[in-house]
Amino acid sequence: MARLDGKIALVTGAGGGLGSAMSQAFASEGASVVCQDLDEDAAKATVAAIAAAGGPEAMAWACDVSDSSAIDSMFDAATDRFGLVNVLVNCAGVDHTPNDGSGEGNTGTEIQVTLMSDEGWQRMLDIHLNGAFFCTRAMVKRLVDAGEGGSIICISSIAGTAGWGPVHYATVKAGLLGFVRAMARFSGSLGIRANAIAPGVIYAGMTKGVAPELIEPLRMMTPLGRFGEASDIANAAVYLASDESGFVTGQCISPNGGLVI
């Protein structure tokens with residue numbers, strides 16, 4: 001019996017490096033997976049990869065996670081096709097936003113926070129925090145109505161645990177940690193668990209676009225001497241989604257090679 005047999009998982013940002021790896025790992029363990037992404041082609045590519053590996057049926061869904069009505073429509077469609085979603089991975093995210101002050105020199109007093117527009121700040125919050133809230137609310141409401149339990153997994157970052165990275169990015173990643181802790185307290189009696197994964201430097205997705213001279217020092221600072229891989233995060237997600245972690249809630253697992261201890 002596979003570890004996630006009978007689970008129905010919804011992964012946001014499933015077209016990206018981490019989201020795709022988690023979606024495929026869930027499917028390989030028997031879960032039916034809803035692959036959400038703003039980029040429909042990317043979501044469909046993940047579904048195609050699942051099918052090519054002989055996984056269970058999966059579906060792609062394109063929408064903006066900051067649109068609450070679109071999220072409700074997605075959960076309705078997922079329920080109609082597979083049944084109740086009982087595993088949610090809030091992975092959709094970006095590391096910069098338009099007009100956030102990045103790439104403008106940022107020397108002396110002109111640090112990013114002084115150059116960041118209201119819109120640049122708000123868009124980061126909308127995607128990471130509003131998106132996680134809208135998706136979690138949609139799943140929990142349906143589970144509570146049905147009297148079922150489930151697992152919520154939010155993808156945070158060492159930016160949220162140690163303050164690394166752009167200020168708006170570190171802020172939302174820290175906010176996700178508070179969100180899962182509060183959810184764990186409020187939903188535990190309902191059989192709904194909430195946990196976070198805070199990756200270190202993972203060579204996938206957004207990280208692949210970083211210039212080698214900027215990222216190599218982080219590898220050298222990592223005690224295990226390497227960058228993480230998408231599979232390092234996918235393995236942690238499978239554990240948190242499975243019944244093996246049935247007594248784990250309100251926690252943060254940080255596969256970071258010892259970069260943050």
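The values are calculated or read from the model by the stated rules, or taken from the named source; none is laboratory data. For clarity, every value in this text was computed on a predicted model and none was experimentally measured. Note that each Cβ is placed from the backbone with ideal geometry, even for glycine, and that neighbours are counted across all protein chains shown.
Quickly run through the stretch 111-127 and pick out the residues that are modelled with pLDDT of 95 or more and among the hydroxyl-bearing types (Ser, Thr, Tyr).
Ser117
So which of Leu88, Leu143 is within 22 Å of Ala174 (Cα to Cα) and not hydroxyl-bearing (Ser, Thr, Tyr)?
Criteria check complete, one pass: Leu88.
Considering only the stretch 133-159, how many residues are under 14 Å from Ala196 (Cα atoms) and either at pLDDT below 95 or in contact with a Ser or Thr (Cβ under 8 Å, 6 or more places away or on another chain) (or both)?
3
If I ask for residues that are in a strand (DSSP E or B) and among the polar types (S, T, N, Q), which ones from the stretch 149-170 would you list?
Once the filter is applied, which keeps residues that are in a strand (DSSP E or B) and among the polar types (S, T, N, Q), the stretch 149-170 yields only Ser151.
Exactly one of (1) of a type in the set (Ser, Thr, Tyr); (2) within 19 Å of Ser20 (Cα to Cα); (3) touching a Pro at 6+ places or on another chain (Cβ under 7 Å) is unmet by Ser102. Its number?
That leaves (2) as the condition not met.
Suppose we filter Thr46, Thr79, Thr12 for residues that are out of contact with any Asp or Glu (no Cβ under 9 Å at 6 or more places or on another chain) and hydroxyl-bearing (Ser, Thr, Tyr); which single one remains?
That would be Thr79, the only listed residue that is out of contact with any Asp or Glu (no Cβ under 9 Å at 6 or more places or on another chain) and hydroxyl-bearing (Ser, Thr, Tyr).
Which residue is surrounded by the most Cβ atoms within 10 Å (Cβ to Cβ), if the candidates are limited to the stretch 192-206 and must be free of Cβ contacts under 8 Å to residues at least 60 places away in the same chain and more than 14 Å from Gly250 (Cβ to Cβ)?
Ranking the candidates gives Val201 first.
This table checks each residue for (1) surrounded by fewer than 18 Cβ atoms within 10 Å (Cβ to Cβ); (2) of a type in the set (Phe, Trp, Tyr); (3) farther than 21 Å from Ala138 by Cβ.
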residue: Leu4; (1), (2), (3): no, no, no
residue: Phe26; (1), (2), (3): no, yes, no
residue: Ala31; (1), (2), (3): no, no, no
residue: Val34; (1), (2), (3): no, no, no
residue: Ala52; (1), (2), (3): yes, no, yes
residue: Asp67; (1), (2), (3): yes, no, no
residue: Ser73; (1), (2), (3): yes, no, no
residue: Asp95; (1), (2), (3): no, no, yes
residue: Asn99; (1), (2), (3): yes, no, yes
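Here is a list of conditions, (1) within 21 Å of Cys154 (Cα to Cα); (2) at pLDDT below 95; (3) not small (Gly, Ala, Ser), and Met1 meets all of them except one; can you say which number that is?
Only one criterion in (1) within 21 Å of Cys154 (Cα to Cα); (2) at pLDDT below 95; (3) not small (Gly, Ala, Ser) is unmet by Met1, namely (1).
Among the residues of the stretch 213-227, are any more than 30 Å from Val87 (Cβ to Cβ), among the charged types (D, E, K, R), surrounded by fewer than 14 Cβ atoms within 10 Å (Cβ to Cβ) and more than 20 Å from the chain's Cα centre (by Cα)?
Yes.
Identify, please: which residue in the stretch 225-250 is assigned to a helix (DSSP H, G or I) and of a type in the set (S, T, N, Q) and is, among those, farthest from Val11 (Cα to Cα)?
Ranking the qualifying residues of the stretch 225-250, first place goes to Ser245.
Within the stretch 144-176, which residues are buried (at least 20 other Cβ atoms within 10 Å of the Cβ) and touching a strand residue (DSSP E or B) at 6+ places or on another chain (Cβ under 6 Å)?
Gly150, Ser151, Ile152, Ile153, Cys154, Ile155, Ser156, Leu176, listed by residue number.
Taking the criterion of being of a type outside the set (Asp, Glu), under 18 Å from Ser245 (Cα atoms) and outside any helix (DSSP H, G or I), would at least one residue in the stretch 199-209 satisfy it?
Looking through the stretch 199-209, none of the residues is of a type outside the set (Asp, Glu), under 18 Å from Ser245 (Cα atoms) and outside any helix (DSSP H, G or I).
For the stretch 166-217, how many residues are closer than 23 Å to Gly120 by Cβ and touching a Lys or Arg at 6+ places or on another chain (Cβ under 8 Å)?
Counting residues in the stretch 166-217 that are closer than 23 Å to Gly120 by Cβ and touching a Lys or Arg at 6+ places or on another chain (Cβ under 8 Å) gives 0.
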